[in-house]
Amino acid sequence: MGQQPPSAVYLKDYAPPEFQVLTVDLEMDLDASRTIVRNRMQVRRVDPASKSSFRLNGVRQELLEVLLNGEEVGRNRLTVDAEGLTLDDVPGEFELSIRTAISPEKNSTRHGMFMLGGKLATQCEPEGFRAITYFPDRPDILAKYRVTLRADQSRFPHLLSNGNIVAHGRHQDGRHWVTWDDPFPKPSYIFGVMAGDFGVLRDEFITRSGKRVELGIYADHELIELCRFAMEVVKRSLTWDEQTYGLEYDLGVFNVVALTGWSGAMENKGLNLFEAHGIITNPEITTDDDYIIIERIIGHEQFHNWTGNRITCRDWFQLCLKEGLTRFRDQHFIEDKMPDGVWRVEIIKQLRRNQFPEDEGPAAHPIKPASYVAIDNFYTNTVYDKGAEVIRMLRTLLGWTAFRKGFDRYIAQNDGMAVTTDEFIDAMAQASGRSLDQFQRWFSQAGRPHVVVRASYEREHRKLNLSISQQCRPTPGQPDKLPFHIPIKVGLVAKDGSPLTFRVFGGARADSAVLELTQSEQSFVLEDVDQPAVPSLLRGFSAPVSIDAGLSDAELALLMARDTDSFSRWDAAQTLGVRLVRKLASDRANGTPMAVAEEFMEAVRHILSGAAPDGLARAQLLTLPDEPVLSEGLARIDLDGHFAARNHIRKEIAKRYRDRLLEIYSDHAERGAYVPDIEGISRRRLKNVALEMLTPLETADVLDLCLDQVTRSRNMTDMFEALCYLTHVDCPQRQQAVDWFYDRWKGHSTVVDKWFNAQALSRMPGAVDRIIALEQHPAFDPNNFARGLLFYGGFFRQNRIAFHDPSGKGYEFLADRLLMIDRLGRSGSHYIMPQINQWRRYDPARQALMRRALERVSGTEGISDGLRENVARALQ
């Protein structure tokens, strides 16, 4: 008999809690096999006249005792089921004490309390606290927590939780105890406990008001000396939040834990949790990208202290309120230390690669969804990254001064509360004096608007007319869309490449302006335009839209060479590349020989000659667009045609500009000690892009150059990049590099993770068999979350060639791993499904193979509601 379809939770059905928990006093006797939890709660009925029962969530625990105001509760007043317990006939205000037993070592879900690497840890977001104790586990229940931890001191010498230490001591039997008190009300999902034998790195931070904050980072003993960069980032993030947003850290202690084998990051109040990858750094084992990601994510979790912890979500439909806003703040943090606009391009590349496909498939959803079956399935790129873009649009529309004023109002009005996106928008509207009613459609409407712009110049009136329209395709459950409120930042570039000033809406002359598109079709006039010009549109990527600017190849080439806006310059290059790849793919399908346009080759020569102001910008301009950008907006994905056309272009560039690429490679070689600053990052990025552009030649000298970079480099950035390039080529140097890399780094777990990731990305013919076989390698452990994330994520999410091998082996491998992960009780199946979600857009043969794999998963008895929801959405 088939399973019943899982039931959904709807935003429209939200009801405020009938009881509020005022305080939680937890006593936890920690043990790997049997931890005893006593939970004393002070509870108050919201409506004194109500007679409703008190419902608490609870799973995977043994109920030992329930006391109401000190007296045992009779079975006639207590109902226990698989999802929790219900207490009848309770007074308006009472103390409820519940004693339970849990087994962390038997918890394979990594939600609730679990053992990992000999350490006890918790993960409570979104609904893990209910696996630790019975509790009304919802984000709008905010309580003050006091936590006493007891454990064997020899096994668990460090006992960590939220807040400040208020008492500690030792027992005669070798056990010790610590009491933590968090004075700030918080939701249960940011409760945290960590216990184990850690190495510790200590420091302090003095807030702007002069308060001393004790800082601690906890990691494996052999890793603790690699946490010094992370400590500096913690201090930088605390300083930046004070200076940029006026937010001062509120506790006397801020601890960070690096947990080997775990995956992810968590903003537990005063006790942030990271995987080891998210903390440790060393030039020998850490890449440039790692340094940036580590700084960004440490900042992200610390920034949650205010945007997520002090002010939290009323319900899980508001997830973008904390994640989108805090993602924007972590982007802002990194942008402030990077060259103007260059890091913004890196953010947009990630958005187009990871989030845009969500908008174009069955998984499309608003940043504030209207329903869900499993909330874990909505920790998505849409909620985080598109959510951040929506916040950024507000800053663009209002300007920094009004945006900051609105942000301050939001903090002041809602501190200590669980709120919705409405409170955030209301604060911005009040501060700016503007109506943002239409703007709120970005929260409720799914999909991505497609904007069409056509320009015409009136010489006699010195005017440039812009006709702009918007349309958003239907998405699941939303066939019709109302117009969005879209900020379009525009500039003008003269035919000679110089920037032009103009007036708009009767204002002062300026070299850029923000046009606000609010209707389906709208016209704008740029005045006092002295000569014909090319419009530079969507500057800074002012809105997460697709745009057809109606520009010729020559006009795009002009923007690519001379535009002063980093995004517009890069986007022009990408648009030219997409046009060329699609044309050559069409020629290939029609039997016409593929020929690269001379204008394109000349544009490449111009960039190679040093047209861009810095190395990172040049590297960005030289990188050809790839999937899924090549197929953005297309009903059918010509995967084989695009792959062949892109390879053809790369080979033509390599043949013509071989000497110049080798010159760039040599000129940007490392001359001294590795430093992960912007100058070094830019230099290495350009050098490695030059090397990658040479690899299509597949000549012995180029492949030897790659191998030499793997084996002789003194930094992991160069070593890893060259290894990745070789994994795509069937040559002796590839295997030599793979073997050397593993032998050199097999004692470093985080580097072995990179080794698996590099091979999972291989596009070499027959790579799918080699990738699947890697699971049998002795170093592969599916219980190592970080390794599994890089291996499975690399293949299922990022490898857009080998995953789609015509044999269908990639699809069957995905189906097997979806079922395996589900059997382990772990969520996150949506993370490895973005490619297969697009199955309807591929050729009929691949469609059939992908559908068969999805139906096999769907037809499996006993799968979780979360997996069933994801597969049903893909098949619907």
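Under the condition of being in a strand (DSSP E or B), touching a residue at least 40 places away in the same chain (Cβ under 8 Å) and over 28 Å from ILE311 (Cα atoms), the residues counted in the stretch 153-183 number 1.
The one condition from (1) out of contact with any Lys or Arg (no Cβ under 8 Å at 6 or more places or on another chain); (2) open to solvent by 30 Å² or more (accessible area, probe 1.4 Å); (3) of a type in the set (Asp, Glu) that GLU869 does not meet is (2).
Per-residue answers, yes or no, for (1) within 24 Å of GLN574 (Cβ to Cβ); (2) touching a Ser or Thr at 6+ places or on another chain (Cβ under 7 Å); (3) open to solvent by less than 10 Å² (accessible area, probe 1.4 Å):
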site	(1), (2), (3)
LEU662	no, no, no
TYR665	yes, no, no
ALA673	no, no, no
LEU686	yes, no, yes
ASP701	no, no, no
ASN715	no, no, yes
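The residue list ALA635, ALA557, ALA572 contains one member that is part of a helix (DSSP H, G or I) and either more than 24 Å from GLN355 (Cβ to Cβ) or in contact (Cβ under 8 Å) with a residue 24 or more places away in the chain (or both), which is ALA557. Note on the stretch 108-127: among residues that are part of a loop (DSSP other than H, G, I, E, B) and under 17 Å from PHE198 (Cβ atoms), the one that is modelled with the highest pLDDT is GLY118. Being under 40 Å from the mean Cα position of the chain (by Cα) and open to solvent by 50 Å² or more (accessible area, probe 1.4 Å): is that true of GLU62 here? Yes, satisfied.
As a summary of the residue check, MET41 satisfies the conditions (1) in a loop (DSSP other than H, G, I, E, B); (2) in contact (Cβ under 8 Å) with a residue 24 or more places away in the chain except for the one numbered (1). Within the stretch 84-95, residues that are polar (S, T, N, Q) reach partners that are assigned to a loop (DSSP other than H, G, I, E, B) with beta carbons closer than 7 Å, at six or more positions or on different chains, in the pairs THR86/SER53. Counted as qualifying within the stretch 316-367 are the helices (runs of 4 or more DSSP H) with 1 or more residues that are touching a His at 6+ places or on another chain (Cβ under 8 Å) and among the hydroxyl-bearing types (Ser, Thr, Tyr), namely 319-335. Of the numbered criteria (1) assigned to a loop (DSSP other than H, G, I, E, B); (2) surrounded by fewer than 22 Cβ atoms within 10 Å (Cβ to Cβ), the one ASP137 fails is (2).
Taking every residue in the stretch 206-218 that is without any contact (Cβ under 8 Å) to a residue 40 or more places away in the chain and pairing it with any residue that is of a type outside the set (A, V, I, L, M) and loosely packed, with under 12 Cβ neighbours inside 10 Å, at least 6 positions away or on another chain, the pairs with Cβ-Cβ distances below 9 Å are ILE206/ARG212. Cβ-Cβ distances below 6 Å connect the following pairs, each with a first residue in the stretch 725-743 that is outside any helix (DSSP H, G or I), a second residue that is open to solvent by 10 Å² or more (accessible area, probe 1.4 Å) and among the acidic types (Asp, Glu), and a separation of six or more residues or different chains: VAL729/GLU698.
Residues that are of a type in the set (Val, Ile, Thr), open to solvent by less than 20 Å² (accessible area, probe 1.4 Å) and within 43 Å of the chain's Cα centre (by Cα) within the stretch 65-102 comprise VAL66, ILE98, THR100, ILE102, listed in sequence order. If you go through the stretch 207-241 and keep only what is open to solvent by 10 Å² or more (accessible area, probe 1.4 Å), among the β-branched types (Val, Ile, Thr) and touching a strand residue (DSSP E or B) at 6+ places or on another chain (Cβ under 6 Å), you end up with just ILE224. Can you confirm whether ARG45 is open to solvent by 30 Å² or more (accessible area, probe 1.4 Å) and charged (D, E, K, R)? Criteria not met by ARG45.
Please verify whether SER827 is buried (at least 20 other Cβ atoms within 10 Å of the Cβ) and outside any helix (DSSP H, G or I), treating the condition exactly as stated. Considered against the rule, which asks whether it is buried (at least 20 other Cβ atoms within 10 Å of the Cβ) and outside any helix (DSSP H, G or I), SER827 comes out as yes. The condition of being touching a Pro at 6+ places or on another chain (Cβ under 7 Å), under 30 Å from GLU27 (Cα atoms) and either acidic (Asp, Glu) or surrounded by fewer than 18 Cβ atoms within 10 Å (Cβ to Cβ) (or both) holds for only one of ASP197, ASP203, ASP250, that being ASP197.
The values are calculated or read from the model by the stated rules, or taken from the named source; none is laboratory data. Computed from a prediction, not measured in an experiment: that's the story for all the values here. As a convention, Cβ positions derive from the backbone with ideal geometry for all residues, glycine included, and neighbour counts pool all protein chains shown. What goes into the accessible areas is simple: the full protein's heavy atoms, side chains included, and nothing from ligands, DNA or RNA. Shrake-Rupley method; radii C 1.70, N 1.55, O 1.52, S 1.80 Å.
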